[in-house]
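This report refers to the structure that appears directly beneath it.
The values are calculated or read from the model by the stated rules, or taken from the named source; none is laboratory data. Keep in mind the model is a prediction, meaning the values are calculated, not measured. Glycine also receives a Cβ, built like all others from the backbone with ideal geometry; neighbour counts cover every protein chain displayed.
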Amino acid sequence: MPAKLDQSPLQRRRPTLARWAMAIAAGVAIVGCRPSTPPQTEAINPAPAAPTASAPEPVARPTETPTATPAAPATTPTATLPNALVKEWQPLSDVLLAFGPMTLTPDQVQWGSGQTSPYTLVSTEGGYLLELEANPSFYDTQNRYIKLIPKSDANASDSIEVAFYTNADQLQSDEYVMYGGYFAE
């Protein structure tokens, strides 16, 4: 009888481990070939049935009477500038010297150069954004918006910075055309 070679336990496991490794590699390869999103399938709608003559069903009526909804107030409150900003501001930056002092009132802004514009307070996020109705022109550029940025608490501000914007696109990307500071005396 031929002598049987004695195999160690590691040698007996190698073929089994190799088979498992091949199975895992094949599974990974198959998964890698699949699309990451399932393909879109179109829903097939069945053909509409032939119309039938039937009476419409009656509409159910509620047994309770509906409650009255409160009416909206006749006037909605509008945002206004804080009282501490409503005053005359002196130019602090050289770029603003040509326009002179800026005076803010509750409904308009006026510069010492004679330009005046009514405004609407559009936002109070990160400052006070004013939409100017008259589009004043500074250095031959019309400005539709200005943003007032108080350098301290708006209720006790003694200096502000002002960013000038020509249109809403520049405003969205915060690309001001002129920037300067004012102080209160």
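Just a few scattered comments:
- Any hit, the range 59-80, residues being of a type in the set (S, T, N, Q), modelled with pLDDT of 55 or more and touching a Phe, Trp or Tyr at 6+ places or on another chain (Cβ under 6 Å): no
- Hey, Ser93 of a type in the set (Gly, Ala, Ser) and modelled with pLDDT under 90 or not: yes
- Residue in the range 98-117 that is among the hydrophobic types (A, V, I, L, M, F, W, C), more than 25 Å from Glu185 (Cβ to Cβ), assigned to a strand (DSSP E or B) and modelled with pLDDT under 95 present: no
- Within the range 121-137, if we keep just the residues that are in a strand (DSSP E or B) and within 18 Å of Ile149 (Cβ to Cβ), the residue that is farthest from the chain's Cα centre (by Cα) turns out to be Leu132.
Residues are listed down the side, and each one gets a yes or a no for (1) in contact with a Pro (Cβ under 8 Å, 6 or more places away or on another chain); (2) more than 19 Å from Ala98 (Cα to Cα); (3) buried (at least 18 other Cβ atoms within 10 Å of the Cβ):
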| site | (1), (2), (3) |
| --- | --- |
| Ser137 | no, no, no |
| Asp140 | no, no, no |
| Leu148 | no, no, yes |
| Asp158 | no, yes, no |
| Phe164 | no, no, yes |
| Asn167 | no, yes, no |
| Tyr182 | yes, no, yes |
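- Within the range 155-171, restricting attention to residues that are over 14 Å from Tyr128 (Cβ atoms) and among the aliphatic types (A, V, I, L, M), the residue that is modelled with the highest pLDDT is Ala168.
- Checking each residue in the range 169-180 for being part of a helix (DSSP H, G or I) and surrounded by fewer than 15 Cβ atoms within 10 Å (Cβ to Cβ) picks out Asp169, Gln172.
- Screening Val122 with (1) in contact with an Asp or Glu (Cβ under 8 Å, 6 or more places away or on another chain); (2) within 15 Å of Met178 (Cα to Cα) gives one miss only, at (2).
- Of residues in the range 122-135 being buried (at least 16 other Cβ atoms within 10 Å of the Cβ) and among the aliphatic types (A, V, I, L, M), the one farthest from Ala184 (Cα to Cα): Leu132
- Among the conditions (1) closer than 22 Å to Ala184 by Cα; (2) in contact (Cβ under 8 Å) with a residue 24 or more places away in the chain, Thr166 misses just one, which is (1).
- The set of residues in the range 87-105 that are more than 15 Å from Ser137 (Cα to Cα) and touching a Ser or Thr at 6+ places or on another chain (Cβ under 6 Å) contains only Glu88.
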